[in-house]
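The values are calculated or read from the model by the stated rules, or taken from the named source; none is laboratory data. Computed from a prediction, not measured in an experiment: that's the story for all the values here. Cβ atoms come from the backbone with ideal geometry, glycine included; neighbour counts cover every protein chain shown. Quick note on the areas: whole protein, heavy atoms, side chains included, nothing else; ligands and nucleic acids left out. Shrake-Rupley method; radii C 1.70, N 1.55, O 1.52, S 1.80 Å.
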Amino acid sequence: MSALKSRILIGLIGFPSVIYIIFNHIIFFNIIVIICFSLAFIEFAKITNKFSNRLSWLIFGLLYIFGGMISLIYLRSIDLILNSPFTFLLFAGVMINDSMAFIVGKILGGPKIIPNISPNKTYAGLIGGLFGSIIFIFLSDKYFLDVFTNFYLTNMDKIFLIFVFNIIGFFGDSFESFIKRKAKIKDSSKLLLGHGGMLDRLDSLILTTPFTMFYVIAYHL
């Protein structure tokens with residue numbers, strides 16, 4: 001199965017499933033998050049197993065990956081208190097940005113951003129992800145978020161979220177590409193059948209979640 005077909009298939013099945021769980025089953029959501037991030041850490045540990053200063057990489061991985069996990073669980077608990085949709089916006093925004101960047105980059109090609117680290121990342125893909133993020137935030141704000149009583153996205157919220165999806169997500173994805181390139185592997189594992197491993201799917205989310213959590217704490221709690 002090609003990477004594009006795999007992304008479409010997982011998107012059609014996984015996207016609505018994740019969104020449903022976010023809104024309706026907080027305990028189940030937390031359990032899934034713990035399992036997925038634990039699998040991502042196992043993959044990270046295997047990738048960095050032969051690196052020099054392996055212990056330092058392992059400690060970093062613990063802080064980096066489980067820091068993201070704790071941030072995500074706490075962000076969902078904040079949403080419960082505020083009746084806010086930040087966990088949904090984060091999940092959906094990162095997935096849409098990633099998918100649009102991949103599709104547009106695949107179709108248009110063009111100059112590479114960091115060819116020595118991630119040869120598939122192009123400026124066209126980055127711009128495609130940006131437009132995808134802007135459209136997602138606009139449509140969510142206009143047609144969906146009014147179901148959340150006493151909550152609305154400020155202009156600063158919208159700018160921040162678009163920045164997080166597009167820029168912070170890019171750095172999270174690029175960092176994972178860096179450690180895979182350092183280990184001379186293509187995917188973190190074969191867990192998701194043509195779609196890489198769990199770390200491949202969570203790479204952007206691991207870094208964007210703490211940024212989003214701290215922002216929400218600072219401006220909404």
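From the list F28, F66, which one is modelled with pLDDT of 95 or more and open to solvent by 10 Å² or more (accessible area, probe 1.4 Å)?
F66
Being in contact (Cβ under 8 Å) with a residue 40 or more places away in the chain and assigned to a helix (DSSP H, G or I) narrows it down to one residue among S71, S38; which is it?
S71
Step by step: first the residues of segment 44-56, then only those that are part of a helix (DSSP H, G or I) and free of Cβ contacts under 8 Å to residues at least 40 places away in the same chain, then the one that is surrounded by the most Cβ atoms within 10 Å (Cβ to Cβ). Which residue is that?
Our first condition is that a residue be part of a helix (DSSP H, G or I); within segment 44-56, this holds for 44-47, 54-56.
Okay, now just the ones that are also free of Cβ contacts under 8 Å to residues at least 40 places away in the same chain, so 45, 54-56.
Details: A45: 15, R54: 12, L55: 9, S56: 11.
Step by step, filter segment 44-56, then rank; the result is A45.
Which helices (runs of 4 or more DSSP H) does segment 95-205 wholly contain that include 3 or more residues that are crowded, with 21+ Cβ neighbours inside 10 Å?
Correct list: 123-143, 169-183.
From S118, S133, grab the single residue that is touching a residue at least 40 places away in the same chain (Cβ under 8 Å), within 18 Å of the chain's Cα centre (by Cα) and closer than 22 Å to N49 by Cβ.
S118
Can you pull out every residue in segment 90-145 that is of a type in the set (G, A, S) and more than 21 Å from T212 (Cα to Cα)?
Answer for segment 90-145, where residues must be of a type in the set (G, A, S) and more than 21 Å from T212 (Cα to Cα): G105, G109, G110, S118, A124, G125, G128.
Scan segment 72-85 and give yes if some residue there is closer than 18 Å to F163 by Cα and at pLDDT below 95, otherwise no.
yes
Please specify each residue of segment 206-221 satisfying the condition of being closer than 17 Å to M69 by Cβ and either crowded, with 16+ Cβ neighbours inside 10 Å or of a type in the set (S, T, N, Q) (or both).
I206, L207, T208, T209, P210, F211, T212, M213, V216 - these are the residues of segment 206-221 that are closer than 17 Å to M69 by Cβ and either crowded, with 16+ Cβ neighbours inside 10 Å or of a type in the set (S, T, N, Q) (or both).
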